[in-house]
Amino acid sequence: MHFTSEQRLDDGVLERAFTLGGVSGVSGVSGVSGVSGVSGVPGILWTPAAASASAPVPLILLGHPPLGLQKMYPRLAARARSCAAEGFAAATIELPGSGERPRLAAVDQARADLGRTLQAGEPVRDEIIDALILPLVEQSVPEWRAALDALLGLPEIDGPVAYSGGVISIGVRLALVEPRIVAAGLFAGSFVPRAILQEARRVTIPLHVLLQWDDEGNDRQAALDLFDAFASKEKTLLASMGGHTGVPRSAGEDAGRFFARHLR
């Protein structure tokens with residue numbers, strides 16, 4: 001991990017841009033000062049003002065849709081500052097094929113196929129969902145785990161660790177294969193391959209799942225089927241009326257209480 005910039009936000013949170021694996025060639029993330037180019041995986045780490053080697057804090061990994069860190073920065077920073085207010089560090093990384101990382105041609109083709117299918121009002125075929133989601137899962141999960149290795153090597157961070165956000169299939173895979181993640185808050189809102197549904201049957205950590213009931217881009221029944229598949233003894237589904245961007249503030253507050261229970 002190479003830190004490429006840092007700035008202290010007005011609430012005392014320390015925000016640092018980093019890259020995993022080498023330096024050169026990609027422009028920075030909007031909102032993060034001084035980010036020079038990176039040839040590896042870009043990321044951002046936020047730590048509360050009180051975090052130190054003598055008082056290390058838990059960590060929440062912030063998942064997000066593959067829209068690029070530059071576009072997602074305002075929402076990610078707001079989530080991170082909420083984490084910091086609870087005494088937690090937060091970190092995120094750029095997803096494969098997003099931002100200025102190399103494009104994934106198969107995923108781009110699947111995204112175009114999905115758009116045409118939805119526009120035509122046709123059912124979305126399994127092969128489209130697999131081509132859209134599985135390459136992201138296969139490439140990003142090892143990157144998340146590498147980032148976690150590096151982050152937990154910092155003296156001011158010392159688990160436990162949680163995952164929060166989407167793409168939900170990435171969260172399912174991480175919850176299954178990464179023993180350092182003790183709880184996950186997942187955002188229902190992306191297509192789920194059948195292979196990921198089967199993996200969900202082996203996920204046992206505590207889960208808090210947010211579902212927008214009228215999400216125009218989400219198959220509600222598929223989200224309910226995924227929730228039903230989880231083997232966790234503690235799992236909560238919080239469904240709110242409204243579309244994809246209409247998540248009420250109270251839903252975020254509920255998620256915050258969930259993380260506080262499992263990270264403190």
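The values are calculated or read from the model by the stated rules, or taken from the named source; none is laboratory data. Keep in mind that this is a model prediction, so the values were computed, not measured. A quick note on method: Cβ atoms are made from the backbone with ideal geometry, for glycine too, and the neighbour counts reach across all protein chains shown.
Considering every residue within region 113-135, establish whether at least one is modelled with pLDDT of 95 or more, under 15 Å from the mean Cα position of the chain (by Cα) and either over 21 Å from Leu14 (Cβ atoms) or part of a strand (DSSP E or B) (or both).
Yes: one or more hits.
So, of the residues in region 136-166 that are touching a helix residue (DSSP H, G or I) at 6+ places or on another chain (Cβ under 6 Å) and not in a helix (DSSP H, G or I), which turns out to be farthest from Gly87 (Cα to Cα)?
Selected residue: Tyr163.
Identify the single condition in (1) assigned to a loop (DSSP other than H, G, I, E, B); (2) in contact (Cβ under 8 Å) with a residue 12 or more places away in the chain that Pro179 does not satisfy, given that it satisfies every other one.
The number of the failed condition is (2).
Give me the pairs, please: first residue somewhere in region 122-144 and over 17 Å from Val172 (Cβ atoms), second residue anywhere and in a helix (DSSP H, G or I) and not β-branched (Val, Ile, Thr), beta-carbon distance under 7 Å, and either six or more positions apart or on two chains.
Listed by first residue and then by second, the contacts come to Val124/Leu114; Ile128/Ala110; Ile128/Asp113; Ile128/Leu114; Ala131/Ala106; Ala131/Ala110.
In region 189-200, how many are exposed (fewer than 14 other Cβ atoms within 10 Å of the Cβ) and in a loop (DSSP other than H, G, I, E, B)? Show your work before the answer.
Of region 189-200, the ones exposed (fewer than 14 other Cβ atoms within 10 Å of the Cβ) are 194, 198.
Filter once more, so that each one left must be in a loop (DSSP other than H, G, I, E, B): none.
Within region 189-200, residues that are exposed (fewer than 14 other Cβ atoms within 10 Å of the Cβ) and in a loop (DSSP other than H, G, I, E, B) number 0.
Of everything in region 80-100 that's surrounded by fewer than 20 Cβ atoms within 10 Å (Cβ to Cβ) and charged (D, E, K, R), which residue is farthest from Glu253 (Cα to Cα)?
For region 80-100, the residue satisfying everything is Glu100.
Determine the pairs where a residue that is at positive phi, located within region 93-115, has a partner that is surrounded by 16 or more Cβ atoms within 10 Å (Cβ to Cβ) and assigned to a helix (DSSP H, G or I) with Cβ atoms under 7 Å apart, the partner being 6 or more residues away or on another chain.
Listed pairs, sorted by first residue: Gly97/Val107; Gly99/Leu69; Gly99/Gln70.
Tally up the residues in region 224-251 that are without any contact (Cβ under 8 Å) to a residue 40 or more places away in the chain, closer than 15 Å to Ile168 by Cα and in a helix (DSSP H, G or I), please.
5
Considering only residues that are surrounded by fewer than 16 Cβ atoms within 10 Å (Cβ to Cβ) and touching a helix residue (DSSP H, G or I) at 6+ places or on another chain (Cβ under 8 Å), look in region 204-230 and name the one that is nearest to Val177 (Cα to Cα).
Restricting to residues being surrounded by fewer than 16 Cβ atoms within 10 Å (Cβ to Cβ) and touching a helix residue (DSSP H, G or I) at 6+ places or on another chain (Cβ under 8 Å), the top hit is Asp225.
I need a count of the residues in region 165-183 that are closer than 24 Å to Ala77 by Cβ and surrounded by 22 or more Cβ atoms within 10 Å (Cβ to Cβ).
8
Would you confirm whether or not region 204-213 contains a residue that is modelled with pLDDT under 95 and part of a loop (DSSP other than H, G, I, E, B)?
yes
Quick test for you: out of Ala84, Ala77, pick the one residue that is touching a Pro at 6+ places or on another chain (Cβ under 6 Å), at pLDDT 95 or above and either within 14 Å of Ile157 (Cβ to Cβ) or assigned to a helix (DSSP H, G or I) (or both). Lay out the reasoning, then the answer.
On the way: Ala77 fails: touching a Pro at 6+ places or on another chain (Cβ under 6 Å).
The conditions single out Ala84.
Here is a list of conditions, (1) over 21 Å from Ala255 (Cβ atoms); (2) within 19 Å of the chain's Cα centre (by Cα), and Leu174 meets all of them except one; can you say which number that is?
(1)
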